[in-house]
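Take a look at the structure below.
The values are calculated or read from the model by the stated rules, or taken from the named source; none is laboratory data. Because the structure is predicted, anything quoted here is derived from the model rather than measured. Using ideal geometry, Cβ is built from the backbone for each residue, glycine included, and neighbour counts are taken over all protein chains shown. We work out accessible area using only protein heavy atoms, side chains counted, and drop any ligands, DNA or RNA first. Shrake-Rupley method; radii C 1.70, N 1.55, O 1.52, S 1.80 Å.
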Amino acid sequence: MGEIEDAIERADREAFTREPPKTLKAQIGCLLKQMGSAKAVARELGVTFDSVNRYRRGARKPARADVAAKIDDAVRTRWQPQVRKRRQRQAATTGGITVETRARFGYTAPVGTTDDGRFRRLTVHLPATYAQRLFDARDAGASEGEMRGIVADGLKDVYFQDGGSRATGLSDVEINDIDYLDLDF
């Protein structure tokens with residue numbers, strides 16, 4: 001995963017109204033409920049069907065560290081899907097999305113102005129249209145570069161051009177060398 005996908009995942013996890021299951025047996029139970037069968041869970045985790053059933057019954061309590069990490073990730077990505085959808089729908093229709101980042105921004109500017117990229121620390125609230133574009137791109141399997149482009153377009157419009165009242169000759173804004181990027185919606 002790239003920086004943008006990670007940031008969306010972190011923002012989704014912040015929306016949890018309840019903590020995800022912590023015990024191995026409860027985590028496997030959650031996965032079985034979400035995925036429907038032990039075979040599907042086994043395929044997702046890369047373990048055997050029998051191992052999943054042993055985890056479910058409690059016959060095998062400690063999972064290997066790598067398998068335990070896969071189980072935890074699988075549970076967290078499937079935990080409270082309705083809460084996630086509701087929050088994303090709200091961000092995409094009315095709320096928008098807040099981007100906090102420290103990155104190098106480069107841009108194409110008119111002749112006579114500087115277009116040297118430099119590090120900036122920004123916290124900018126983007127309108128709902130950019131949140132919708134970002135979620136649609138992620139759902140369509142867009143690359144990290146395409147999602148960075150959507151965030152860069154939003155930052156160009158809101159921060160650099162202030163909604164069209166300044167820097168009207170600015171055309172392309174690029175995000176490079178991301179130190180950190182965090183999203184909130």
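Here are the numbers for this structure:
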| item | result |
| --- | --- |
| Only listed residue being modelled with pLDDT of 90 or more and open to solvent by 80 Å² or more (accessible area, probe 1.4 Å), chosen from R64, R133, R118 | R133 |
| Every residue from the stretch 78-107 that is surrounded by 15 or more Cβ atoms within 10 Å (Cβ to Cβ) and β-branched (V, I, T) | I97, T98, V99, T101 |
| Boolean, L183 is modelled with pLDDT of 90 or more and touching a Lys or Arg at 6+ places or on another chain (Cβ under 9 Å) | yes |
| Selection within the stretch 63-93 - among the small types (G, A, S) and within 14 Å of I8 (Cα to Cα) | A91, A92 |
| Number of positions in the stretch 12-61 that are free of Cβ contacts under 8 Å to residues at least 12 places away in the same chain, open to solvent by less than 30 Å² (accessible area, probe 1.4 Å) and within 26 Å of R86 (Cβ to Cβ) | 1 |
